[in-house]
Amino acid sequence: MNWHLLSMNDLSRDEIESVLATARKDFLELSKRDIKKVPTLRGRTVIDLFYEKSTRTSTSFELAGKRLSADVINVKADASAVGKGESLKDTVLTLNAYRPDIIVLRHPHVGAPAFISRYTEAHVINAGDGKGEHPTQCLLDIFSLQQEFGELEGLKVAIVGDILHSRVARSNIIGFGKMGMQVRLIAPPALLPRQAAALGVEVSHSLDSLAGVDVIYLLRMQRERHEGANFLPSLREYISNYCVSLRHVGRGQRVLHPGPINRGIEIGADLADSGENLILQQVEAGLAVRMAVMYRIIVDNAAAAAQAEVKNIQAVG
Amino acid sequence: MNWHLLSMNDLSRDEIESVLATARKDFLELSKRDIKKVPTLRGRTVIDLFYEKSTRTSTSFELAGKRLSADVINVKADASAVGKGESLKDTVLTLNAYRPDIIVLRHPHVGAPAFISRYTEAHVINAGDGKGEHPTQCLLDIFSLQQEFGELEGLKVAIVGDILHSRVARSNIIGFGKMGMQVRLIAPPALLPRQAAALGVEVSHSLDSLAGVDVIYLLRMQRERHEGANFLPSLREYISNYCVSLRHVGRGQRVLHPGPINRGIEIGADLADSGENLILQQVEAGLAVRMAVMYRIIVDNAAAAAQAEVKNIQAVG
Amino acid sequence: MNWHLLSMNDLSRDEIESVLATARKDFLELSKRDIKKVPTLRGRTVIDLFYEKSTRTSTSFELAGKRLSADVINVKADASAVGKGESLKDTVLTLNAYRPDIIVLRHPHVGAPAFISRYTEAHVINAGDGKGEHPTQCLLDIFSLQQEFGELEGLKVAIVGDILHSRVARSNIIGFGKMGMQVRLIAPPALLPRQAAALGVEVSHSLDSLAGVDVIYLLRMQRERHEGANFLPSLREYISNYCVSLRHVGRGQRVLHPGPINRGIEIGADLADSGENLILQQVEAGLAVRMAVMYRIIVDNAAAAAQAEVKNIQAVG
């Protein structure tokens, strides 16, 4: 892996396959044992720096770090000196002085992880930056699909819902594309990015376009990002046109959702409770994938550094 | 122990004695050593899921988990995706996907621990559910009384105060009864449950009824649960009639309180600072008892599972 | 070290030198290794009890405890039973019943750490008490200056800014004095304590007095402690008279700041980003110094207790 994981653009298809192989081989079964822990990152420091509320992602990263035996420090923005007006840059320079090995950042502004990567020697993992990206979510989605379908090449996926505000959609359009999948976006025009067509994906405004896909990827309605703007003239109309229920799901189709779900808004309660969805497999995959990402980001780069040193010595000698 | 600890009804008198013997034998002295830690639950995951503010109970469970060497994850409801409208069921299904060994739940709704136990393979420990129960508090109270009195059979205890809103009272009426103690409730009529008489306990409205008891169990006035209703026409009148001070405490009587105390409301400052109360012994007992509960809930059930497997093999063979 | 660290008055110059030697020898390099951890305090319990928001100090203490392998419990006042009206005394008595080895306290009231030290057998470390003191900040400042200047005897330091509300200034006036440094205070009259002159330090109202000092120590403008009072008729005027920028810094002068900084208020952005300041060295020093303080407070006192016991035995024998 590269030094940081900021975007799905940072990873080639081979690297995606490789890190997911680590997750599958070394970490997926670990959770089922009594001793759910390996000493791999003992003595390493992981700082989880979250400027947005989160249960699922922050506990997933926290537990991933702890099961790798790292020391994990949680910094929540609203329990922090951020309230005293310190800038993100100064916060990161401060944290960097503790010489953490990894900083996991969630931040409401697009590009924040790339920005802080200039001010720390730690590996930065983007855990969600505004409407930007959420690469570990994409990796766990690919992982879950591989567990279900095996080879992904040629698979058809429809991403449905509030695409405009979704960092998950953005990462998945990139990542699914790299894996050879065909992506179709389904949303009302107001919830699509303007350049959707330019992304090289099909666009539709109707759930009728679910026909023929293998995977239905539902997005959470991000009402907290609508910031007062009138993206949804009527939530009831949205639900009647875009809420996906069990009756929309065809034979063999599988449904994913990054969570947390809004029952009755983007996903019907019947579908949320059905075996057709892979939601909990995604959560479980997330833990294994994040352990793999943290492990590989440390180990690959340490190996690369050691090799570089050997070459230096040879060049000198 | 059973698979979960939801109510004092889950435990027989023998089981109560047994888990408290573990607390006494294995964990009470541990806190006094330099190395206050055993490797018993190394690699196990404990999730403390708290939907109500708490210092005393949450730090007690957190420290109990850490001193057993488990990985402990604290999830506080107001720092969580719960704000994004996820249901308790979906939160628990999500956390369950991490395959925790134990989920400790505090929740404002009665029955929440039983409810979530349907959605997780983890052992669920009820750390307080609304006006429902608080079984580990009852266990630590019994433990503290045993340390002070030895045999509890026939001991007389008066539970005083806001009984209507008290999960502690509910668990203790059950638990003290199982231990053969005689329970008397003292409270103004508005702070007694309607069916108090049906609980098989004496009821009184006057502190005069403290005469002759061995134990005075004071409850915190739960003003945050009064929800606007007029349970207390006058706090001053309540204090003059029900605040227990040192002068109310007879020779040999001992005073317990689950904390946090309201000095000058249900307990006089003189009594709060006196050696007649066992409040700090209760806190210390709580840590040992919670370590014992977590340890036994894991170990007993693992042993039971192993035995069941042996029987299966014998039946097949 | 003494049993507690409440004030810089608790330490002699020799003790300061000794604990900083431990920080330098045993802990400064540790952060640069892959395995940033020692088993020294394994099984010990450290409670970080913070009644004020903090990132920098609370993460520094948390990480220091974890890198010493202690079990660390974070108690934040606004996520706590404090909201239920429990007194500081009762909170500490409760926490003390867990038999922690160290309680690190930050509190808005002067004297709170000394107050709680009467109610716990734990070692109490003052992590900032209102406008009182912040001794570990002073220790890390001395450490940073020693790294930069070597011997401190005779060094001249100007402390600039909101001295009236600054616990850092108070501790540093004491600590710098003990190290033989000459202290000069620079601030508008309204932000100086009335008895400033009685502190045995020079006082000035102009940045012109920066001439000739070796060290410029900037303080954060503590607007949250001004409590509505009109200490600053005009922030713009304050900035024009007291904001220190790169142009104020002479050859060989070094600038310190306890953080978090307010860019453009007490420190110019150019200076904040310049190599003339030691701000990040201070943060790094803080971790090593806090590890040394925690280590020494445990080990020195355990050694003292053992020696006392030997003497007792000899006296008896």
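Read-outs: derived from the displayed coordinates by stated rules, not from any lab. The structure presented is a predicted model; accordingly, all values stated were derived computationally and were not measured. Don't worry about glycine lacking a Cβ; one is built from the backbone with ideal geometry, like all the others, and counts go over all protein chains shown.
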Item checked: Cβ-Cβ FRET estimate between B:Leu235 and B:Arg42, R0 fixed at 60 Å, reported to 0.05 -> 0.75
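For chain B, what is the calculated [θ] at 222 nm in deg cm²/dmol (nearest 500), taking -39500 (n - 2.57) for each run of four or more DSSP H residues and dividing by its residue count?
-11500 deg cm²/dmol
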Checklist line | Partner lysines for C:Lys89 [C-alpha distance under 21 Å; skip if fewer than 8 residues away on the same chain] | finding: B:Lys53, C:Lys53, C:Lys76, C:Lys131
Check: Of A:Pro258, A:Val183, A:Ile159, whose Cα points farthest to the positive end of the dipole of chain A (charges on the beta-carbon: +1 Lys, Arg; -1 Asp, Glu; origin at the Cα centre)?
Finding: A:Pro258
Next item on the list: Kindly identify segment C:1-126 as rounded, prolate or oblate by the Cα gyration tensor criterion: order the square roots of the eigenvalues as a ≥ b ≥ c, call it rounded if a/c is under 1.5, otherwise compare a/b with b/c, prolate if a/b is larger, else oblate.
Entry: prolate
Next item on the list: Could you tell me which of C:Asn126, C:Pro193, C:Thr40 has its Cα farthest along the dipole of chain C towards the positive end, charges placed at Cβ (Lys, Arg +1; Asp, Glu -1), taken about the Cα centre?
Entry: C:Thr40
Item checked: 5 angstrom amide H check on B:Val203, placed H, neighbours 5+ away -> B:Leu185
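When Cβ neighbours within 10 Å are restricted to other protein chains, what is their mean count per residue of peptide A:89-96?
6
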Margin query: What distance in nm separates the two pseudo spin-label positions at A:Glu29 and C:Ala305, each 7 Å out from Cα along the beta-carbon direction?
Written below: 4.6
Next item on the list: Calculate, in nm to one decimal, what B:Ser18 and B:Asn312 gain on full extension: separation in residues at 0.36 nm each, minus their alpha carbon distance.
Entry: 103.1 nm
Next item on the list: Within a 10 angstrom radius of each residue's Cβ in B:55-66, how many Cβ atoms of other chains show up on average? Whole number is fine.
Entry: 5
Next item on the list: Work out Dmax and Rg for segment A:135-281 from the C-alpha atoms and quote the Rg first, both in angstrom.
Entry: 14.1, 43
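Note down the magnitude of the dipole of the protein assembly as shown about its Cα centre, charges +1 on Lys and Arg C-beta and -1 on Asp and Glu C-beta and zero elsewhere, to the nearest 20 debye.
Approximately 40 debye in magnitude.
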Item checked: Computed over chain C: relative contact order in percent, which uses C-alpha pairs under 8 Å that are six or more apart -> 20
Check: So what's chain B giving for Rg/Rh, alpha carbon basis, Kirkwood Rh from the mean inverse pair distance?
Finding: 0.98
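Can you give the % of DSSP beta bridges in the protein assembly as shown that are antiparallel, to the nearest 5?
In the protein assembly as shown, approximately 0 percent of DSSP beta bridges are antiparallel ones.
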Notebook entry, point to check: Across segment C:208-213, in residue order, what do the Karplus-derived ³J(HN,Hα) couplings come to in whole Hz, using 6.51 cos²θ - 1.76 cosθ + 1.60 with θ = phi - 60° and x for Gly and Pro?
Noted result: 4, 6, 5, 4, x, 7
Next item on the list: Give the residues of segment A:137-176 whose amide nitrogen is closer than 17 Å to a point set 7 Å from the Cα of A:Glu202 in the direction of its Cβ.
Entry: A:153-161, A:173, A:176
Checklist line | Number of partner chain Cβ atoms within 10 Å, mean per residue of B:295-304 | finding: 0
Notebook entry, point to check: Treating the beta-carbon of each Lys and Arg as +1 and of each Asp and Glu as -1, no other charges, what is the dipole magnitude of segment A:1-84 about its Cα centre, to the nearest 20 debye?
Noted result: 380
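Provide Rg over Rh for the protein assembly as shown; use the alpha carbon set for both Rg and the Kirkwood Rh (inverse mean inverse pair distance).
Rounded to two decimals, Rg over Rh is 0.99.
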Next item on the list: Measure nothing but the geometry: give the 0 to 90° angle between the long axis through the Cα atoms of A:135-149 and the longest principal axis through the Cα atoms of chain A, rounded to 10°.
Entry: 60
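Taking the Cα centre of segment A:135-281 as origin and charging only Cβ (+1 Lys, Arg; -1 Asp, Glu), how large is the dipole, in debye to the nearest 20?
Numbers: 14 positive and 15 negative charges, 58 e Å.
It comes to approximately 280 debye.
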Next item on the list: Based on other C-beta atoms within 10 Å, arrange C:Arg194, A:Arg223 from fewest to most.
Entry: C:Arg194, A:Arg223
Item checked: Cα long-axis angle, helix A:167-178 against chain A (0 to 90 degrees, to the nearest 10) -> 80
Notebook entry, point to check: Can you give me the Cα centroid spacing of segment B:93-139 and segment C:196-221 in angstrom?
Noted result: 58
Margin query: With the crude spin-label approximation of a point 7 Å out along Cα→Cβ, what separation in nm comes out for C:Trp3 versus A:Arg223?
Written below: 5.7
